[in-house]
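Before any comments, here is the structure.
The values are calculated or read from the model by the stated rules, or taken from the named source; none is laboratory data. Here the structure is a predicted model, which means the values were calculated and not measured. Glycine gets a Cβ as well: all are built from the backbone with ideal geometry, and neighbour counts include every protein chain shown. Areas reflect the complete protein model, heavy atoms only, side chains present, ligands, DNA and RNA absent. Shrake-Rupley method; radii C 1.70, N 1.55, O 1.52, S 1.80 Å.
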Amino acid sequence: MLKNVLFPKKEARLYMAFMHVTFASLLIGGLMGLLQTLSRSGQFQLPFGINYYTILTVHGVILGLVLTTFFIVGFQFALMGKTVGISDKQRKWGWIAFWTMLVGTIIAAITILVGQANVLYTFYAPLRAHAAFYIGLALVIVGSWIAVFVNFRQLYVWKKANPGQKSPLLAFMVVINMAMWFIASLGVATSVLIQFIPWSLGYAATINVLLSRTLFWYFGHPLVYFWLLPAYMAWYAIIPKIIGGKLFSDSLARLSFILLLMFSIPVGFHHQLTEPGIDPTWKFIQVVLTFMVVIPTLMTAFSIFATFETTGRRKGHKGLFGWFKHLPWKDVRFLAPFIGMVAFIPGGAGGIVNASHQVNTLIHNTIWVTGHFHLTVATTVILTYFGIAYWLVPHLTGRRLTPKLNKLGIIQTIIWTVGMTIMSTAMHIQGLLGGPRRSNFSNYAGGAQVDTWISYQIAQAVGGTILFIGIIMMIYIFIQLAFFAPRGVQEFPIAEEEVDAEPTPKILENWYLWIGITIALILFAYTIPVIDIIKHSPPGSLPFDWPIGR
Ligand code: HAS
């Protein structure tokens, strides 16, 4: 019922603030991406002496950390507001979260733009940035923690007011995602506070590189799931409504989120498979846990297909694939996330390749990995976020997604798909041919292998240019939906359960149990290797400043 009731203005303003930063980030980060692909093609030189690694850092930080976090926090606030409500006090804390994150972003962005933080979004030591960069990132995390506790509080207050009732599915999912984010970001926050800030201020002469990378990847893999879970929220609980169906299974959706919470964190070593200093037994254990993530992922794939089929058959579409033909292909709120789902098939398969220790030695640090994450984050996740924005933004601004904007959205989705297919396919192939990632164009002193890369680098520039057209279109659509589209009420689509749905087992809401198992798994996977890393580490590293002499 609530789906057609607009939020009170003061509430909508908070959620829209996050959307404005999201789409501003898309424009800035996307422009950097275009410049990178052009520069790497070897056919174009960056003007005004701009450093390639400056724009690469802006690209990764603004798109990978800022756009995603702002979208997720804003979207999740809107989901909580719609399902369990937000009090005035909680809304005020929501604003404090927003401003803390924004101030942190501005500090980090300025530090990068003035060339004091050419360290890429993973800020691997011993590359050193100015302390302001780390302080800025720490503020973004602190701001997001405020949002975490507001969301926890929102569900807690609702539960108190509705004793014995199961929590709304979307609110449950938001709390799982925020619990995962909080537990994971403790790792990177520890590293930034204890290692990077003192080191960049000169209070510590050296840094333990392996420890800093381990703490980063303890955070880094759940980070990718923090991006993905809001897309899953839409796939499980919003897309069924858009296609005119019901939730496939409330219990299955909750169980899959719980499994993702448990298996997303104790797996960071699969990003460090080639790194010396970590005992192979622990790498093996974390790889096994990595493969466990496939289970909830495949549960999700099954559930989505099942929703599509049941809905189609209920509408009377016959034959083996009649239900598939009649999906709402002309509705961009469905099409964009659907293409995201399809992209996850090769994207996820690439992830399985990456996580396989022996094959990882072939692709690690090659541009194959960049291809992998442009399929997973930049297609699966981002197209789903766009699919959400098409209804969320007008719902928040009291406007409508008109047939014309819907059509433009469909063209945008197709352009994005074409651009990304060209770019990420070329990245995967060039990676298999040994092309490195995180590097500007070079002919490597005329090495014979380099000749095999050129055509793929040009293909990436072509794909990148097409993608930039897609970004301009998306920004145009966002501005229309935010300020100019006709006034009206755009539905906030939330799928309901079947009337005869099986009751959801109460154990699925036993937070002590699931968070307890998660912490136990983390302690099991990390305690001994981290003690080893601290006890047996080589001497710490002096900083490396780039450009030299900074
Ligand atoms: Fe990954 C590197 C392993 C998933 C993002 N990954 C990265 C990096 C990023 C990233 C950003 O093991 C680079 C980090 C850096 O800068 O160094 N990844 C995996 C594995 C998975 C995986 C095992 N990654 C993701 C997701 C990401 C993401 C999701 C972002 C959102 N990844 C790795 C590894 C590395 C790595 C190594 C390090 C490589 C190195 O050496 O540096 C799995 O979770 C994937 C499971 C997914 C599937 C697919 C299931 C398909 C579904 C779609 C259903 C579709 C339907 C529609 C229903 C098994 C659910 C169908 C319709 C039809 C018509 C057919």
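Alpha carbon centre of region 223-274 versus region 504-550: separation in Å? Here the answer is 21 Å between Cα centres. Per atom type, the chain shows carbon and sulfur on 71% of its accessible surface, probed at 1.4 Å. When the pairs LYS315/LYS404; LYS89/LYS407; LYS330/LYS506; LYS9/LYS407 are compared against a 31 Å limit on Cα-Cα distance, LYS89/LYS407; LYS330/LYS506 fall above it.
The distance from the alpha carbon centre of region 275-296 to that of region 56-112 is 31 Å, rounded to a whole number. Using the alpha-carbon atoms, what tilt in degrees (0 to 90, nearest 10) does helix 403-432 show relative to the longest principal axis of the chain? In the chain, helix 403-432 runs at an angle near 30 degrees to the longest axis.
Think of it as helices only: each DSSP H run of n ≥ 4 in the chain is worth -39500 (n - 2.57), and spread over all residues that comes to -22500 deg cm²/dmol at 222 nm.
Accessible surface computed residue by residue for region 505-550, with neighbouring protein chains in place and a 1.4 Å probe, gives 68 Å² per residue.
Summing charges over all other residues whose Cβ lies under 14 Å from the Cβ of GLU497, with Lys and Arg as +1 and Asp and Glu as -1, gives -1. Helix 294-314 and the longest principal axis of the Cα set of the chain meet at an angle near 30°. Positive end of the dipole of the chain (Cβ unit charges, origin at the Cα centre): among THR214, VAL377, GLN272, the Cα lying farthest that way belongs to VAL377. Sorted into 20 angstrom bins from 0, the C-alpha pair distances of the chain split as 21, 58, 20, 1 percent. Since only TRP199, GLY94, PHE123 are under comparison, the one whose Cα sits farthest along the positive direction of the charge dipole of region 89-221, derived from C-beta charges on Lys, Arg, Asp and Glu, is GLY94. Between the listed residues PHE75, PHE321, GLY244, the Cα displaced farthest toward the positive end of the dipole of the chain, a dipole computed from Cβ unit charges relative to the Cα centre, is found at GLY244. With protein chains left intact and a 1.4 Å probe, residues in region 201-265 average 24 Å² of accessible area per residue. Listed by chain and number, the lysines placed with their C-alpha closer than 20 angstrom to that of LYS318 are LYS246; residues fewer than eight positions away on the same chain are left out. Our note on the geometry: Cα centres of region 322-378 and region 412-429, 11 Å apart. Only the Cβ atoms of Lys and Arg (+1) and of Asp and Glu (-1) were treated as charged; on that basis the dipole of the chain about its Cα centre amounts to roughly 1440 debye.
Explain nothing, just the number: dipole magnitude of region 157-289 about its Cα centre with +1 on each Lys and Arg Cβ and -1 on each Asp and Glu Cβ, in debye rounded to the nearest 20. Write out the running numbers ahead of the final one.
Details: 8 positive and 3 negative charges, 115 e Å.
Here the size comes out at about 560 debye.
Just so you know, the Rg over Rh for region 1-150 is 1.07, from Cα atoms, with Rh as the Kirkwood radius. Can you list which of the trypsin sites (Lys or Arg not before Pro) found in region 239-335 are DSSP loop residues with at most 12 other C-beta atoms within 10 Å? Of the trypsin sites (Lys or Arg not before Pro), the ones in loops of region 239-335 whose Cβ has at most 12 other Cβ atoms within 10 Å are LYS318, LYS330. Annotation note: chymotrypsin sites (Phe, Trp or Tyr not before Pro) in region 52-158 located in DSSP loop regions with a Cβ neighbour count of at most 14 within 10 Å are TYR124.
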